[in-house]
Each structure stands twice: as C-alpha cells, then as structure tokens.
Amino acid sequence: MYRCIIRSVCSGGRVCPALVSPYTQSPSWTLRITPEERHHRRPEHCWRCSVRSMSSAVRKRTSLRSAFPVLEQPLEPIHHRVYEANLQNSKACHNKYKEFSEKIRKGGGEKAIARHTQRHGKLLVRDRLRLLLDDEDFLELSPFAGLGLPYGDIPSAGCLTGIGRINGLWCVFIANDGTVKGGTAYPITVKKQLRAQEIAIQNRLPCVYLVDSGGAFLPLQSEIFPDKNQGGRTFYNEAIMSAMKIPQVAVVCGSCTAGGAYIPTMAEETVMVHQIGTIFLGGPPLVKAATGEEVTPEDLGGARLHAEVSGCVDHFAWEEKEALVYTRNIVSTFNFQLPEEEEEDEEKTRRRKAEEEPLYNSVELLGLAPKSSNYSLDVKMVVSRLTDGGRFQEFKARYGTTLITGFAKIHGHLVGIVANNGELSYQAALKGCHFVQLCDQRDIPLLFLQNTEPTVAITLSTTQADVNSNRLKAQGSMMSAVACASVPKITVVIGGCHGADSYAMCGRAFDPNFLFLWPNAKVSMAAPGHAGSLLPPDSEQEEEEERKLEDKLNRKLEEESSAFFSSGRLWDDGVILPQDTRKVLGNCLDIIKQQQYQVSTEKLQSPLLRI
C-alpha cells in the first residue's frame, strides 16, 4: 500500500480510489478541492507533500542518533575464580580449535595435493578463492564439517563454502576440494552444499560454484541420492534461485560426472577450463563398458566440445586463472546498484564516526565463555564487550531478569539482543516474546546469545506443576514469536544449548540466518553430568547398575555435546573464537543488508532455461 501511494504521488498526484477518503473521490481522477472541502483535504495534502519530499531524498538517509547508556560491566575481584576457570577451559578449547584448523588446511594430505597440482595441473581450492575474491577476509562456513564421522574424517566435508566479496558484492561460494577423496561427494558434502544454498536464498546472495567433483560416493548412495534434502535438492535450489532472480555462475575446473553435470548446466552462466574441465553423465570407462568404444575425456565432454558443439557452457578458458577473470567479469553484470564510491566513502566515514570500539577488550570474552552452567557470569559482561561503545538500551530491565533484552549497535548496525542470564522462566519467556515482536514490528535484526540451563525443575507438587505449566505456555508463545518474526536472526551459542529452551532462543530448528558456536559450547538435550534426568524415576535396577548406566550416559553426553562434534555434523555454521565474534557479527549484518541494493527482485517470467 505504501509503495502504491508513493508511486501515485510521484507520478502526478493521482491516488487509487480505494486509498482516498470519500471527500476526494471524483470520476475524472483529478483533485478538485472546493473551499468547503479544504478543511477535510489539508491534512492529506500535507501528508502527500511530505511523501514527495521524502522520496526525493531517499538516497540521503541516515539512521537516528542514539544515546544508549553505557553498560558498565568491569571485571571485579569477586569474579576472579570463575573467570580464571573459564579462561583455562577456553585455552584448552582454543588448542583443539588450532589442531582441527591445521588438519583441514592439509585437505586430502601431501600425496593428494601433489597429484592434484603436479599430475593434473590444477590450482588448490584456496588458491582459486584468492584469485576469485577481492581479498582473503571472507566468512568461511562450517570449516570443521566432516570431522569425526562414522565413515571417517572428510576434511571440510570435501568442499569449502563461505561468503566473500567479488567486485565489492557479497557472494556465496561453493568450491569442491579435489584433494579430498578426489572431490567425491559424501552425505556431509551434500548437506554442506545445501546449507550454503539455503543461506544464499535466505539472504538473496549471488552464488558461485567452483566445480571439481568425482561424483557421489557410491557405497553411501542411500544417504546421498533418494531423500528430499539429499543430492537432488541441489538442482531444485538452483532452479528456485533462478526464479527468485538470485544470480548463479559455475566454473568447471575439474570433473562434473553423473548428477554433478547438472550444476553447471543449470547455472545462468558457465565458464569451463580447457583440458581439466569435463562434463558428462558417464565417463570414458562407462562408455567402453557399454559400447566398447574408446574415447578420451576431452572428446567426450571437454571444454571445446561444450563451448563449440553442445552449447552447455558459455565461456571457454585456456587456464584456471583466465576462467576466474571471466567469473569476476560476469559478476560485474549482476543487477545490483551498490553505493557510489564517493557515497560509500561518506557512508563509511559516517559509520566510523558513529561506531565506537567496545568499552572493554574483547579478549576478556575468553574468561567469560562459561565452562559450564555453574561458571556463568552476568551475560551483560558479554554484551558490553560486543556492542559499540559498550552501549545498551535495556528493555524491561526489572522484569524476567533471567533473560536480558535490549537494543544496541554492532559496527553501526542497530540490533535487538536477546541473551540468557539463567533459566528461561515464565516471566523471562513473556518478556522475550514481547521484545521479539517489537523488533519484528520495527524491522530490527535480532541477535540471540544462547546459554540455556541444563535441567528443568522436577514436578513434586501441585504448585510446581502450575509453575511448569505457565512456563511451558510462555515458552510456547516465545517460540511462536521467534518462528514468525520476519526479521533476520543471528544466533551465537556462548555456553549451553540444552533442551527445549534452545528452541525459544532461535536454535537451528528455528531457521536463523546464521548460527555460530564458541569452542566451549555444549549442545545436547541434557547437559553432561545431568544424565540422571534421562533415567526413569522408579527404576527397579540396583543402585550399582543405575550408577554405571548414569556414568555411561554422562560420558556419552560429554563426547557428543562438544562444539566440534556439533560442527562436524553441520548443526551450525561454524565454530568461532570469542574474541572474533564482533567482527563475524559485523560481516553477517553487512551481508544481510546487501539485498536492499538489488535492483529487481520480482520475477515476472519463468526461470532461465538453457538450449
């Protein structure tokens, strides 16, 4: 409605009759104002004039000035014992983080790297990204995916995904790593690719595929091929993104066999590299087995064939570096209007002036990352080390104090923060529901800092039953508010992610735009050490047997609740270090904001079809 009124005002003052009061409707669509009617028309006339002046100055918008109070949360002597325990735990988690990071950097190992670069003459996947992206400061997604799986370690799930800038435009990239099992796709590989596409759809980000895949790992075909969210979903998503006018480019710098052949042929533009790029449903060995004919990969599905004969690819490149230059040029044709350099510089200057560094050093977050629920300090101490100037406008400060809600700025972006400060009680859930709806009404992105309590109060009386019932109803209301909120949502698990409380705090099932974990985070239905809550209350087992079962469950929970166990199975978008959280959040908010620069988002025709 608002857009319709602005369009009519800017095109000469004609307004749709449905939007005009009875005093002003006329058959000729002209606005004739008699002296008797002028007193009825004056407010509407003034309003329309203000719309005209507002639309002419829309490019000069600036956010409202904020004077949020500073959140004074220094480290006190009373915090020393808990802080030191958390710090020691964070150091141990950081060592594990470094160990896993070095492992995934090696890809498929030295022999695989030598075969990839020397025998086949290909670039390594990170070298491809250096040539493609503006800089190396990209947001990598789920780097630890594929580690510790039942079928073995698949470093980075055999593909790198993330978001980086190409010609100043944030783009999602999905790049196969040919050194890991020859680029073979495992179930975790498919899951990682689908998550990257989901992020591209949710945030309307252009998508670039760097394809170098040996196809599906056939011994696990039942977990790759048949189901809804398995292999075929990749191609479905490509079609949907094209219909949504989300641009997609594919670079064939390796093998595209069987189902993988559809990735480049369904992309809107495709670049293919001579000699090393191939596209075919069945390779030379299959042709030989089926027909007895011997054919080379280049003759069967090489770059020259597809560029000159089949028309499956649009750009022929002699080498990978040339292909990546083509790709950067293609991205520059996308229909986005980024701010002019002068305007962008002015915007950055304004943001730098408005932006303040946090009040306290972000390194202190290492000691604020809770070792367990018993070692949690006031979450406001975390907030004051993430927000600009440590400023925070708290909402309902005296009500439901086990949940902290309020407004702040992070790298100049206004956000609504919802942070656990204890159990999610009845009052806290009602407060959270109110605040989430308020942010949704004002179109303010939400940031959830999740640290949920591990157990629920046991029902031992009628009074306790009433309390639990009210708590459940309030949490249900908060879950509905979070699920239905149309604003972007970012979740960072800074401590515990336990039980149903994690749903209300926008867990994975509630579709946040991004979800990250700190290395100390614990993800499980019940926290380690609380396995007793999972055992039947009136068990007939002997005390010794019950104790052994409880110990076994606790060991299992300890192992499976680790942040790296979670990230290895792609239950999140990556493990980030506490001191890097502010930078990651700033990048995510920039990425989310970019969709406003796309010129056309409405699709009036069918999706692009190839020859």
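Tabulated values for the structure
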quantity	calculated
Extreme residue, nearest to CYS93 (Cα to Cα), among residues of region 486-501 that are open to solvent by less than 10 Å² (accessible area, probe 1.4 Å) and of a type in the set (Gly, Ala, Ser)	GLY495
Exclusive hit being out of contact with any Gly (no Cβ under 9 Å at 6 or more places or on another chain) and open to solvent by less than 50 Å² (accessible area, probe 1.4 Å), set ALA67, ALA114, ALA85	ALA114
Candidate set from region 510-528 (those that are in contact with a helix residue (DSSP H, G or I) (Cβ under 6 Å, 6 or more places away or on another chain) and small (Gly, Ala, Ser)); member that is farthest from PHE144 (Cα to Cα)	ALA526
Residue in region 151-159 that is surrounded by 14 or more Cβ atoms within 10 Å (Cβ to Cβ) and either touching a strand residue (DSSP E or B) at 6+ places or on another chain (Cβ under 6 Å) or free of Cβ contacts under 8 Å to residues at least 24 places away in the same chain (or both) present	yes
Matching residues in region 461-482 - criterion: being among the charged types (D, E, K, R) and farther than 11 Å from ALA429 by Cα	ASP466
Residue list for region 363-387, restricted to those being of a type outside the set (A, V, I, L, M) and either under 21 Å from HIS498 (Cβ atoms) or modelled with pLDDT under 95 (or both)	PRO370, LYS371, SER372, SER373, ASN374, TYR375, SER376, ASP378
GLY164, sole failed condition from (1) over 21 Å from ARG569 (Cβ atoms); (2) assigned to a helix (DSSP H, G or I)	(2)
Pairs, first under 20 Å from GLN197 (Cα atoms) and among the polar types (S, T, N, Q) in region 260-282, second modelled with pLDDT of 95 or more and open to solvent by 20 Å² or more (accessible area, probe 1.4 Å), C-beta under 6 Å, six or more apart	THR270/ASP314
Failed criterion for HIS80 (all others in (1) open to solvent by 50 Å² or more (accessible area, probe 1.4 Å); (2) within 24 Å of ASP153 (Cβ to Cβ); (3) not hydroxyl-bearing (Ser, Thr, Tyr) hold)	(2)
Residue match in region 73-93 (condition: in contact with a helix residue (DSSP H, G or I) (Cβ under 8 Å, 6 or more places away or on another chain), outside any strand (DSSP E or B) and free of Cβ contacts under 8 Å to residues at least 60 places away in the same chain)	no
Complete set of residues in region 298-328 that are closer than 21 Å to MET266 by Cβ and open to solvent by 80 Å² or more (accessible area, probe 1.4 Å)	GLU308, VAL309
Of residues in region 578-602 being among the hydrophobic types (A, V, I, L, M, F, W, C) and surrounded by fewer than 21 Cβ atoms within 10 Å (Cβ to Cβ), the one nearest to ILE104 (Cα to Cα)	VAL584
Test result for THR333, exposed (fewer than 12 other Cβ atoms within 10 Å of the Cβ) and either closer than 30 Å to ALA527 by Cα or at pLDDT 90 or above (or both)	yes
Selection from region 249-300 of residues that are polar (S, T, N, Q) and at pLDDT 90 or above	SER255, THR265, THR270, GLN275, THR278, THR291, THR296
Test: residue in region 518-539 that is closer than 10 Å to GLN450 by Cα, at pLDDT 95 or above and assigned to a strand (DSSP E or B)	no
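The values are calculated or read from the model by the stated rules, or taken from the named source; none is laboratory data. Since we're looking at a predicted model, the values are computed, not measured. Positions of Cβ are generated from backbone atoms using ideal geometry, with glycine treated the same way; all protein chains shown enter the neighbour counts. Side chains included, ligands, DNA and RNA excluded: accessible areas come from the protein's heavy atoms. Shrake-Rupley method; radii C 1.70, N 1.55, O 1.52, S 1.80 Å.
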